[in-house]
Amino acid sequence: MRARATIGAAVATFALALTGVSVPAAAVQPGEYLFERQLGGPGTGAGQMNDPAGIAVDRAGNVYVSDTGNHRIQKFNASGGYLLHWGGLGSEPGKFRYPGGVAVDSTGDVYVTDAANHRVQKFTAGGAFVAQWGSEGSGDGQFASPTGIAIAPNGNVYVADRLNHRIEWFSPSGTYLGQWGAPGSDTGAFNSPWGIAINGDGNVYVAEFGNHRVQRFSLTGVFQAQWGAVGSAPGQFKWPAGIAVDASGDVFVADSSNNRVQRFSGTGAFRDQWGASGGDPGQFDFPLGIAIHGTRVLVAEGSGNRATAFRPAARAAFAAGLASTARIGRSYSSQLRASGFPAVRTFSLAAGKLPPGLRLASSGKVTGKPKKSGRFTVTIRANSTAMMSTTQTFTITVKKLKKKH
C-alpha cells in the first residue's frame, strides 16, 4: 500500500495487501433494480471523474460526487446534468487531498471527509467554504484517513475514522462529542470501517472494509447486530465500502470487490442483489459509494470512473398462463404473457416436460396436438433483455377423447 493513506485508486492495492492474494470479481445475478443513467466518465474535465469514492443526494435530488483522484467535489442535477465543481489539490480551506465520503444535511450544507488531509470540511450547496475540523492523529477529534460520513436525525455528524478503526461523532459545527471502536474483529471492534449510514430511527450502520461485514449500533455506539462474512454468496462481502439506508429502513451495501450492490432489511436479512464485473449498464467496476434518493439508488464506481443511477423495476410476473386441459389428438394453443418487464420477453422451459406433442416457442406460445394422456407439470421461465426473469409452474391435464356411442 502507498505510504500516504489515499483512497480511490489505492483501494485495490490496500485490499491485496491485506490478503496477499488476488481478489477476483464475482459475477452475480441482478436484483429488482434497473440501470437508469450514467453520470461522468474517465477524465479531468467538468463532469468527468477519476476514482470517485463517495456520493450523496440532497432533498432536491441534486447529486454530489467525491471525485477523489481529481481532488474535488462535483455537483449534478437530478437528471444527471453537470452543474459545478469545487476544490483542487491542496491543504488550505476548500482544497482537498483525496476526498472520500460526502454527505448533505437537512439545510443543504455539504460535508466532505478530506482523507489525506485528515479532516472534515463543510461547505454550502454552492461550494462556499464554511468550516473545517480535525488533524492527523489518534486523539479525540483527530483522524487517520477518514472515509465515510453521515448525518444523524439530530444533525450531528458521524465519521468513519478508517485507519484509527473507530467511529467519531461531532456537532454540525465540528465540536467533538464522542467515539467508539478499536482495532479487531470482535463485535463493536473494527478493521478499516469504510462506510456509515444512519436511518430515521437513529440506528447507525457501518460497513467494514477489512472484516467483510456490516455492524449496527445506537447513536452512542451501543452494539446491536452484525451480518456478513468474506465470500461471494448472497449476504457475504468482499471489501464492503459504501452503505446507505432508504426510507423504509432497507440497507444497501456497495460490495466493492464482488462488483455488486446488496440490499438487506434493517436487521440484516438478505433481500436481493444486482451487478456484475464490467462497464456495461448494470455492471460495476469497484463500487465504493452509494446513496439513496426516494426509490433511486446511486453508485460511485472507483475504478469505473463514473456514477450510475438505478430505479426499482416493477416485479416481473406471468400475466397469462397455460390452458389447464387438453385432449389427445386435438389442437392445443395457449399464449403465455408476462408483465413488469422493461424489455423484450422470451420464454423457455425451466423444469419438467410438456405433454408429448406440444412445443413451447420463445414467444411464449404453446401449440401442438397432445399424444399422451395424463397430468404434466412444467415450470416456464420468462426472461427479459434487462437481465430479469421469473418462473411459474403450470399443470396441463391431457384427457382421452370421449368415445362416440
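Couple of notes before you dig in:
- Over the C-alpha atoms of the stretch 36-104, the Rg to Rh ratio, Rh being the Kirkwood estimate, stands at 0.95.
- Placing +1 on each Lys and Arg Cβ and -1 on each Asp and Glu Cβ, with no other charges, gives the chain a dipole about its Cα centre of roughly 3900 debye.
- Enclosing the Cα atoms of the stretch 149-275 in their convex hull gives a volume equal to 89 cubic angstrom per residue.
- With every protein chain in place, the chain: carbon and sulfur % of accessible area (1.4 Å): 48 percent
- The angle separating the long axis of helix 10-19 from the principal Cα axis of greatest extent in the chain is about 80 degrees.
- Taking the charge dipole of the stretch 266-405 about its Cα centre, with +1 at Lys and Arg Cβ atoms and -1 at Asp and Glu Cβ atoms, the residue from 320, 357, 382 reaching farthest to the positive side is 357.
- DSSP assigns beta bridges within the stretch 116-218; of those with both partners inside it, close to 95 percent run antiparallel.
- Between residue 79 and residue 60, the modelled labels are 1.5 nm apart [label points 7 Å from Cα along Cα→Cβ].
- Antiparallel bridge percentage (DSSP; both residues within the chain; nearest 5): 90 percent
- For residue 298, solvent-accessible area (1.4 Å; no DNA, RNA or ligand), Å²: 10 Å²
- The three principal axes of the Cα atoms in the stretch 67-174 give end-to-end lengths of 40, 32, 20 Å, sorted in falling order.
- The chain: relative contact order in percent, alpha carbon pairs under 8 Å with at least 6 residues between: 13 percent
- Sites count as exposed loop sites when they are trypsin sites (Lys or Arg not before Pro), lie in a DSSP loop, and have at most 15 other Cβ atoms within 10 angstrom; the longest stretch of the chain without one is 60-314.
- Take residue 173: with every protein chain present and a 1.4 Å probe, its accessible area is about 80 Å².
- Principal axes of the stretch 236-348: Cα extent on each, largest first, Å: 61, 31, 25
- Listed pairs 95/238; 369/402; 365/402; 353/403; 371/403 exceeding 21 Å between Cα atoms: 95/238; 365/402; 353/403
- Rounded accessible area of residue 218 (nearest 10 Å², 1.4 Å probe): 20 Å²
- Where both bridge residues fall in the stretch 227-361, DSSP classifies roughly 95% of the beta bridges as antiparallel.
- By the helix-only formula, in which each DSSP H run with n ≥ 4 contributes -39500 (n - 2.57) and the sum is divided by residues, the chain has a 222 nm mean residue ellipticity of -500 deg cm²/dmol.
- Between residue 361 and residue 37, the modelled label-to-label distance comes to 3.9 nm, taking each label 7 Å out from Cα in the direction of the beta carbon.
- Correct option for Rg and Dmax of the Cα atoms in Å [calculated from the coordinates] among (1) 24.0, 75; (2) 20.5, 62; (3) 25.4, 101: (3)
The values are calculated or read from the model by the stated rules, or taken from the named source; none is laboratory data. Please read these numbers as outputs of a predicted model, since none were measured by experiment. Please note: Cβ atoms are built from the backbone with ideal geometry, for glycine as well, and neighbour counts cover all protein chains shown. Side chains are part of the model used for accessible areas, which takes the heavy atoms of the whole protein and leaves out ligands, DNA and RNA. Shrake-Rupley method; radii C 1.70, N 1.55, O 1.52, S 1.80 Å.
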